[in-house]
Amino acid sequence: MAILNLSRREFLQASGILGTGLLLGWRASAAGLRNGAAVSPLVHIGSDGGVTLFVERAEMGQGVHSGLAQLVAEELEIDWSRVRVENRALDGGRPGVTTGGSSSVRQEWEPMQRAGAAAREMLVRAASLTWKAPPEECRASGGEVVHGPSSRRLGYGELAARASELPVPQSLELKPAHERHLIGRSVTRLDLPAKVDGTARYGMDVKVEGMLYAVPSMSPVFGGELVSADTAAALARPGVRHVVEIPNGLAVVADHYWQARKGLEALQPRFAGGDTEFDSRGYSLRMRKALDTPGVPVFEQGNVEEAFAGARVVEARYEVPYLAQACMEPMNCTASVAKDRCEVWAPTQGPGRLRDAVAEAVGLPVQGITVHTTLMGGGFGRRFEPDFAIQAALASQAVGRPVKLIWSREDDTRHAYYRPACAAELRAALDADGRPRGLSQHVAGPWPRRGLPGWLRAWVGDLEKELGGPLVPDFVPRAISSRLPPLLTRGVAGIVAGGGPPTGYSIPTQRSEYSLADSGVPIGWWRSVAASQLAFFTECFVDELAAATGSDPYAYRHALASPKQRRVLEAAAALSDWRRPLPAGRGRGMALYSSFGTTVCQVVELASAGDSISVEHVYCTVDCGQVLNPDSVEAQMEGSILFGLTAALRGEITLRDGQVEQGNFHDYPLLGLAEAPQITVELLEGEGPPQGIGEPGTPPIAPAVTNALYAATGRRIRTLPLERHLREPSSG
């Protein structure tokens, strides 16, 4: 990692930093760097002694801004009350940073600490030069440098200017763990005061001088195109200024939001085309049919055929539906397009991807695009996509003024990039002791074009147009599909079938396959991505193996678990008092799953009565490596559990005649506060640096609830959502 001193006045001004002071930035490598504009993040120490961290990671409620600041402040030896964090605008063609995959703290763990340590050493050196004292006699503490022999003190603000003239030290020594006073502590979140007093700025709060408002109209059928619209009627409505074209639709632009919505009502757009015959029931049958033929190999360890030869075989099929992210803040973006530049304010998880897409849409070089990332009311993977920003930019370009484009809740639900619907068949070959000596997983689902790089996605799209169908259709023989390059199997199929072994258990022989069941429904990232469905498949199946061999679910997992898994599993059993008897009508189930470097075990206790269930308590144990902020980790576990529990119980996007049937929270309901179970979280201090925490709590909850339902009722449900299938006579 290369740390650069960027304390030049021109760079301070270019970065929007007022005044003088010490400014450090860093990149993974110094290769090719000729100016500080290509560097991010930044840490600035001002003349007032305050520390500001400028980052591109998006804050969407997960506490990442405070977490990154803790890393810098720990090494910098600054009082927590003197620290603040701002999102740095993406401009000048600088590479963008995404926020997802539970990666922010994992990737910034060492760089942030090293930047803090570099700033500390430069301030100490500045003090030693001021006092003409040896540096070893000086130490940093609480935002000051103290000279030990004389007890003289200088604040960071007094030293910042002189420190800015010094070179960055090449050799840095980070604190040993026993000297840390911020890492591992539950410090106050830096973003909370503004959220409480209403000064926090989300995408919906952006206001730009001269701004108009726009709302989009998009085809209700994916792939449909606009046929006609009553533009004159829309323009006749008060306040409506323009009706402009956007990809596959129109946008109504008005002085105020409600005027734009009333103009949209008068527009009466008609669309045609797309797959108007697509429906969810038919797609379910298509996925099941795809499981009847061999799939494309995704992972293979050992000889699966040999493992299954002569063995007792247990098999089961599972299915999950499409799911929307249902962010509380709908998609929105404010854009201002001029002749040679464009400025965008957006709640986005991928400012670089958004910048590139907007540049292409409005015909400007990326160097002319500036993206301001705002706070966001939930992301969950949906805000990686730039579709709503493209619409705003095109509307602004068409009308020659800044435009804030706002989606309705119905737009958000019916035009998402959904968690893919998938079906899976799992098979296990059991040895004489009832343990699996071989396990195979075959997942069928849509072709995840959205996971491809832009250039390859365009190439695939062009090729599919020439072929008149999907690149890897259902009927391609295994002899051909098995020879596809890894990019088109493990990499591209990862969002549907994962890229590794079916389970993390110590099973010597494992295989995973993927079969295409094409749908045309856009799919994308959803909290925990493929782990959300794969955990349901595998952890329900492990429970079925335990039942088939007459074993206790905990003991069965314990025998297969790795040392790290076993530690988390044992803690969950103790926390939940696993062997405590429950009365009739109540059940206890568990699931153990590792994702994003973190291992989580959850135990669910629920009550069942007829066709309804009440989840009463969730016990959760976590090994995420070094715990940075215990309160944030617990909050992320609680939020992940509720997010996954909503999906497990009632989450389902269905289509009929090619259109999404759900639109708002009345028909795509979330769990209410009164329905939330008690959640008890125990954090296990693990070895090594912090691992992912924003997503690993979601995958285990669906199988844990399903397994608890089986324990309470003896009914094995293999298709989600549970509430719908509880009302059906068969288990699905």
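Remarks
- ALA335 satisfies every condition listed in (1) within 25 Å of GLY644 (Cα to Cα); (2) aliphatic (A, V, I, L, M); (3) in a strand (DSSP E or B) except (1).
- Among the helices (runs of 4 or more DSSP H) confined to region 547-654, the ones with at least 2 residues that are within 30 Å of CYS327 (Cα to Cα) are located at 630-650.
- For region 213-242, the set of residues classified as crowded, with 19+ Cβ neighbours inside 10 Å and within 27 Å of TYR417 (Cβ to Cβ) consists of TYR213, ALA214, VAL215, PRO216, SER217, MET218, SER219, VAL221, PHE222, GLY224, ALA229, listed by residue number.
- Restricting GLY363, GLY377, GLY381 to those that are surrounded by fewer than 19 Cβ atoms within 10 Å (Cβ to Cβ) and within 17 Å of the chain's Cα centre (by Cα) reduces the list to GLY377.
- Of residues in region 68-108 being β-branched (Val, Ile, Thr) and either modelled with pLDDT under 95 or in a loop (DSSP other than H, G, I, E, B) (or both), the one surrounded by the fewest Cβ atoms within 10 Å (Cβ to Cβ): THR98
- ALA260 being surrounded by fewer than 20 Cβ atoms within 10 Å (Cβ to Cβ), outside the structural domain of ARG317 (by TED's automatic domain parsing) and part of a helix (DSSP H, G or I): no
- Residue in region 684-702 that is in the same structural domain as ASN629 (by TED's automatic domain parsing), surrounded by fewer than 17 Cβ atoms within 10 Å (Cβ to Cβ) and more than 26 Å from ALA573 (Cβ to Cβ) present: yes
- Filtered residue count, region 202-227, keeping only those that are closer than 27 Å to THR654 by Cα and not in a loop (DSSP other than H, G, I, E, B): 8
- Meets criteria (in contact (Cβ under 8 Å) with a residue 24 or more places away in the chain and within 30 Å of PHE271 (Cα to Cα)) for GLN636: no
- Flag for ALA398 being free of Cβ contacts under 8 Å to residues at least 40 places away in the same chain, outside any loop (DSSP other than H, G, I, E, B) and of a type in the set (Gly, Ala, Ser): no
- Selection within region 159-200: residues that are among the charged types (D, E, K, R) and outside any loop (DSSP other than H, G, I, E, B). The member of this set that is farthest from MET1 (Cα to Cα) is ASP197.
- Residue match in region 195-210 (condition: buried (at least 21 other Cβ atoms within 10 Å of the Cβ) and in contact with a strand residue (DSSP E or B) (Cβ under 6 Å, 6 or more places away or on another chain)): yes
- Members of region 314-368 found to be in contact with a strand residue (DSSP E or B) (Cβ under 6 Å, 6 or more places away or on another chain), more than 16 Å from MET60 (Cβ to Cβ) and not aliphatic (A, V, I, L, M), listed by number: GLU315, ARG317, TYR318, GLU319, TYR322, THR334, SER336, CYS342, GLU343, ARG355
- When LEU645, LEU720, LEU670 are checked against the criterion of being closer than 27 Å to ALA574 by Cβ and at pLDDT 95 or above, a single residue qualifies: LEU645.
- Listed by first and then second residue, the pairs with beta-carbon distance under 7 Å, at least 6 apart or on different chains, first residue in region 417-446 and farther than 17 Å from GLU544 by Cβ, second β-branched (Val, Ile, Thr) and assigned to a loop (DSSP other than H, G, I, E, B), are TYR418/VAL521; PRO446/VAL521.
- So ALA711, is it in contact with a strand residue (DSSP E or B) (Cβ under 8 Å, 6 or more places away or on another chain), touching a residue at least 24 places away in the same chain (Cβ under 8 Å), crowded, with 23+ Cβ neighbours inside 10 Å and of a type outside the set (S, T, N, Q): no
Quick grid of which residues meet (1) touching a residue at least 60 places away in the same chain (Cβ under 8 Å); (2) within 29 Å of the chain's Cα centre (by Cα):
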position: PRO149; (1), (2): no, no
position: LYS175; (1), (2): yes, no
position: HIS178; (1), (2): no, no
position: VAL187; (1), (2): yes, yes
position: ALA194; (1), (2): no, yes
position: VAL206; (1), (2): yes, yes
position: GLY210; (1), (2): yes, no
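- Selection count where residues are in contact with a helix residue (DSSP H, G or I) (Cβ under 7 Å, 6 or more places away or on another chain), surrounded by fewer than 24 Cβ atoms within 10 Å (Cβ to Cβ) and not aromatic (Phe, Trp, Tyr), scope region 384-394: 2
- Of the residues making up region 52-67, those that are within 17 Å of THR374 (Cα to Cα), in a helix (DSSP H, G or I) and not hydroxyl-bearing (Ser, Thr, Tyr) are VAL64, HIS65.
- Residue within region 406-418 that is of a type in the set (Val, Ile, Thr), in contact with a Cys (Cβ under 9 Å, 6 or more places away or on another chain) and within 18 Å of HIS242 (Cβ to Cβ) present: yes
- Failed item in (1) part of a strand (DSSP E or B); (2) modelled with pLDDT of 95 or more; (3) under 29 Å from the mean Cα position of the chain (by Cα); (4) not polar (S, T, N, Q), with GLU329 passing the rest: (1)
- Residues that are without any contact (Cβ under 8 Å) to a residue 40 or more places away in the chain and either surrounded by fewer than 16 Cβ atoms within 10 Å (Cβ to Cβ) or under 22 Å from the mean Cα position of the chain (by Cα) (or both) within region 639-674 comprise LEU642, THR646, HIS666, ASP667, PRO669, LEU671, GLY672, LEU673, ALA674, listed in sequence order.
- Of all residues in region 303-343, those being loosely packed, with under 15 Cβ neighbours inside 10 Å and under 30 Å from ARG437 (Cα atoms) number 8.
- Test for ALA119: is it hydrophobic (A, V, I, L, M, F, W, C), in contact with a Phe, Trp or Tyr (Cβ under 8 Å, 6 or more places away or on another chain) and assigned to a helix (DSSP H, G or I): no
- Residues satisfying the stated conditions in region 122-158, i.e. hydrophobic (A, V, I, L, M, F, W, C), crowded, with 19+ Cβ neighbours inside 10 Å and in a helix (DSSP H, G or I): MET122, LEU123, VAL124, ALA126, ALA127
The values are calculated or read from the model by the stated rules, or taken from the named source; none is laboratory data. Everything quoted here is computed from the prediction, not taken from an experiment. No Cβ is skipped: glycine too gets one built from the backbone with ideal geometry, and neighbour counts run over all protein chains shown.
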